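Reading through the structure tokens given below for one structure.
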Amino acid sequence: MKARTAVFAAALVFAGSAFAFHCPQDMKKIDDALAKNPQLTAAQMDEVKKYRAEGEKLHKEGKHQESLDTLAKAEKILGVQ
């Protein structure tokens, strides 16, 4: 029983680490897309920058799923896959 608990705890730690490393990849995708000067309205550009900054803040706070969800909004506006 203790072995199962230890394995489960280890799985959670590794899953959390996987999410932690995914956020920076999404931020880089957004930064790379912005560097290409996409054809966006001023309002869209403001939204992308807001979501990018908020996603980074959430990542630093350890709220990785919220960060990924926020960064996905910026990616959607930019058309990034």
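Above 18 Å, the calculated P(r) of the stretch 27-81 contains 24 percent of its Cα-Cα pairs. Computed from the C-beta positions of ALA43 and HIS22 and an R0 of 35 Å, the FRET efficiency is 0.80 to the nearest 0.05.
Any read-out appearing in this document is the output of simple, stated calculations on the displayed coordinates, not a laboratory observation. For clarity, every value in this text was computed on a predicted model and none was experimentally measured. Quick reminder, even Gly has a Cβ in these numbers, built from the backbone with ideal geometry, and neighbours come from all protein chains shown.
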